[in-house]
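Contents: one structure, followed by commentary.
The values are calculated or read from the model by the stated rules, or taken from the named source; none is laboratory data. Predicted model only: the values in this text are computed from it and were never measured. Cβ placement follows ideal geometry from the backbone for every residue including glycine, while neighbour counts extend to all protein chains displayed. Quick note on the areas: whole protein, heavy atoms, side chains included, nothing else; ligands and nucleic acids left out. Shrake-Rupley method; radii C 1.70, N 1.55, O 1.52, S 1.80 Å.
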Amino acid sequence: MADKEKRRSAALPSGMSSGKVVKSDSEREFLEQAGVGDLLRGAILKMVEARSDDPIGFLADHFCNLASVTDSGTAGCGDEDQQQQQSTGLAGAGAHEQQRLNRALWHLRLAHHSQRCGSAFSNNVRVAYDLLNLNGCLRQGSGGVKGGLYTQTLECLCSEGGVPASTSAPLLRRLCCQDHEAVPYDVFRHGVLTCAVFSDYIRQAQRLYAEVCCPDEGPASRALCSAVLGSLKEALETSQDCDAIRYLEASAKISPHKLAQAMAGAQTRGPGGNMDAKEFENAAADLFIARVKVVS
């Protein structure tokens, strides 16, 4: 035993006592037992997937989200959960559902839909779906996210994407499900992706209106707006794919030359009067929504 201690002391760096080594080992064991390494590794991987411009803010949100999961629990189907729901009533159940919705939306914000070819966007959609699908275990024989919760998720995505409620309402009518319906993953993903793309499309339409509008002169000419909308419609019609993101890609490929040609032609012909930004936005939205399949 004395020889073993002697060999260990001989292996220590100069100036370091055996007490410090024991303390270091104890700290390492604590970190391993607490799973700190896995927590940090998971947070960093999420941040890399999201390509966040604000790493500190992202990590703060990430750990706040994990804390809320820990506080609320994730079992959802145990006897204690059922007893608690009965005691707290509908108000408590509604708060629990809202908490899950907030966590699902947080995951959906992590990666832009343009990353769908990789794993980031698809993984986050799956995580969000599984979080919301916890409601299904409280209803015997049902599988999928509740239709009302699915529709609420889409409403939040459009709102957070800067799309006015009046603009997104026609789209949501095509995508929404009844509250009693159980929404499968494929339908959920289609709705989430469509709303994410639609938000980008509306911002793109707003930039197009800015190209033909002179703020100092008031609303843009109706003839110019009609010409731009015509070019936008042609671009959308060139996309034979029913995937919503193809419409965004097609509309983004309107060449400045083609747009200038349409605007030049509109100077000599076309309807008179003006078109404000809201009317233009709604008209552009209609072109997109008409190509979105109705969820049945």
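A Förster distance of 51 Å, applied to the separation of the beta-carbon atoms of Gln178 and Ala210, puts the FRET efficiency at 0.85.
Solvent-accessible area of Glu29, all protein chains in place: 100 Å² (probe radius 1.4 Å, heavy atoms, ligands and nucleic acids excluded). Put simply, the amide H of Asn274, placed in the peptide plane, has neighbours under 5 Å in Arg222, leaving out anything fewer than 5 places away on its chain. Taking 7 Å steps out from each Cα toward its Cβ at Ala169 and Asn102 produces label points 2.8 nm apart. Ligands, DNA and RNA aside, Asp286 has an accessible area near 90 Å² when probed at 1.4 Å.
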